[in-house]
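One structure is given here, and the rest of the page talks about it.
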Amino acid sequence: MARRYYSGEMPSVPSGLHHEIIGDILRLGRDEAWAVGVQVGEKPLAGRLGVSRTPVRRALIDLSERGILRREPGAGFKLNRPIDAAVIEQCGEEAAGNGDLYQKLLMERSSGLIGEEVTENALIARFNSSRGDVRRALQKLAAEGVVQRQRGHGWRFSESLDTPQAILESYAFREAVECAALGQLDYRIDRAELERMRGAHQALMAKPAAEIAPDAWFQVNAHFHETLASWSRNRFFLQAVKRQNILRRMHQFADFPQLTLGQIAQSCEEHLAILDALASGDRRRAATLLSAHLRQAAQDWHNPG
């Protein structure tokens with residue numbers, strides 16, 4: 001069937017990137033349990049996915065043509081049906097995306113099996129993957145700040161939290177910054193976003209441990225901390241939290257297999273308690289709970305079991 005577009009002004013987007021964005025949107029909707037009727041905004045998605053609004057808009061139009069979203073005049077896009085395995089299968093394996101290579105790159109780098117500098121040819125040989133798949137995985141990591149293309153040749157992984165001392169210092173820094181963000185005079189919560197985060201955490205807690213992917217866990221966790229910082233209306237708090245999330249991504253992936261379902265549930269419950277405090281207008285209590293949450297996480301990492 002011929003594809004319909006709403007405007008002839010939209011520039012072409014490489015099909016690989018287009019399918020990657022569709023897959024990312026579908027996984028977000030599935031992992032965060034978006035409710036039917038929820039607003040699906042191109043600007044927030046572009047920020048979360050690290051791309052411009054144009055390819056996100058094209059992906060949303062594509063999903064509306066498939067009946068997964070609906071486009072309402074003056075209201076943008078809204079979810080038209082729940083996103084589950086059947087929906088992802090309907091969009092095809094290519095649209096659903098293949099996050100295996102992305103996760104393998106993170107895991108092998110965090111384990112020291114991949115060096116700080118890599119080439120596409122070496123990764124193609126190592127993982128027996130196509131150049132397109134390798135490049136898309138690297139581009140996704142680049143959008144998240146994990147790798148950078150080197151001038152002339154290859155890619156270089158950014159610095160990460162690669163020593164126990166650095167990880168503990170990161171927790172201490174995050175406690176200072178994130179709790180201070182909650183105390184800003186201009187702090188205002190977005191209740192719709194708060195409820196979306198609540199739903200995402202509850203959806204995670206309802207899953208068996210074997211069904212929780214490390215990238216889904218990290219996305220929900222990182223989005224929670226970044227959103228709380230963003231409500232301070234202070235760009236520098238948000239930038240600091242985003243930077244810490246970039247630094248901790250690899251060690252979080254490496255540590256994920258050691259997490260128990262109980263530890264994941266405890267973290268989610270602590271996040272939910274912080275959201276409850278913010279929803280009630282008690283920012284002082286939210287800051288106290290956030291401080292305790294980060295200190296406990298540092299202690300659990302430093303003294304596992």
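The values are calculated or read from the model by the stated rules, or taken from the named source; none is laboratory data. Values in this document were obtained by computation on a predicted structure and should not be read as measured data. Every residue, glycine among them, receives a Cβ derived from its backbone with ideal geometry; neighbour counts consider all protein chains shown. Heavy atoms of the whole protein, side chains included, go into the accessibility calculation; ligands, DNA and RNA do not. Shrake-Rupley method; radii C 1.70, N 1.55, O 1.52, S 1.80 Å.
If I filter the stretch 173-184 for residues that are free of Cβ contacts under 8 Å to residues at least 40 places away in the same chain and among the basic types (Lys, Arg), do I get at least one hit?
No, the stretch 173-184 contains no residue that is free of Cβ contacts under 8 Å to residues at least 40 places away in the same chain and among the basic types (Lys, Arg).
Here's the yes/no breakdown for (1) among the charged types (D, E, K, R); (2) assigned by the TED database to the domain that holds Gln244; (3) in a helix (DSSP H, G or I); (4) surrounded by 13 or more Cβ atoms within 10 Å (Cβ to Cβ):
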site	(1), (2), (3), (4)
Gln103	no, no, yes, yes
Gly112	no, no, no, no
Gly115	no, no, no, no
Ala122	no, no, yes, yes
Ser129	no, no, no, yes
Arg136	yes, no, yes, yes
Scan (1) open to solvent by less than 60 Å² (accessible area, probe 1.4 Å); (2) modelled with pLDDT of 85 or more for the single condition Leu141 breaks and write down its number.
-> (2)
Go through the residues of the stretch 107-122 one by one and say whether even a single one is small (Gly, Ala, Ser) and modelled with pLDDT of 85 or more.
-> yes
Across the stretch 69-88, what is the total count of residues that are touching a residue at least 24 places away in the same chain (Cβ under 8 Å) and in a loop (DSSP other than H, G, I, E, B)?
-> 6
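Looking for whichever is assigned to a helix (DSSP H, G or I), open to solvent by 40 Å² or more (accessible area, probe 1.4 Å) and in the same structural domain as Gln296 (by the TED database) here; the options are Asp255, Asp186. Which one fits?
Answer to the check: Asp255.
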Kindly provide the set of residues from the stretch 233-252 that are in contact (Cβ under 8 Å) with a residue 12 or more places away in the chain and either among the polar types (S, T, N, Q) or not in a helix (DSSP H, G or I) (or both), ordered by number.
-> Arg233, Asn234, Gln244, Asn245, Gln252
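Return a yes/no flag: does the stretch 14-28 have any residue that is exposed (fewer than 14 other Cβ atoms within 10 Å of the Cβ) and either assigned by the TED database to the domain that holds Val134 or modelled with pLDDT under 80 (or both).
Pass one, the stretch 14-28, residues exposed (fewer than 14 other Cβ atoms within 10 Å of the Cβ): 14-15.
If we keep only those that are either assigned by the TED database to the domain that holds Val134 or modelled with pLDDT under 80 (or both) as well, we get 14-15.
Within the stretch 14-28, one or more residues are exposed (fewer than 14 other Cβ atoms within 10 Å of the Cβ) and either assigned by the TED database to the domain that holds Val134 or modelled with pLDDT under 80 (or both).
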Residue check: is Ala222 of a type outside the set (Lys, Arg), buried (at least 19 other Cβ atoms within 10 Å of the Cβ) and within 22 Å of Val40 (Cβ to Cβ)?
-> yes
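Let's see how each residue does on (1) farther than 19 Å from His201 by Cα; (2) of a type in the set (Val, Ile, Thr); (3) open to solvent by 60 Å² or more (accessible area, probe 1.4 Å):
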{"residue": "Gln239", "(1), (2), (3)": "yes, no, yes"}
{"residue": "Ile264", "(1), (2), (3)": "no, yes, no"}
{"residue": "Glu269", "(1), (2), (3)": "no, no, yes"}
{"residue": "Ile274", "(1), (2), (3)": "no, yes, no"}
{"residue": "Ala277", "(1), (2), (3)": "no, no, no"}
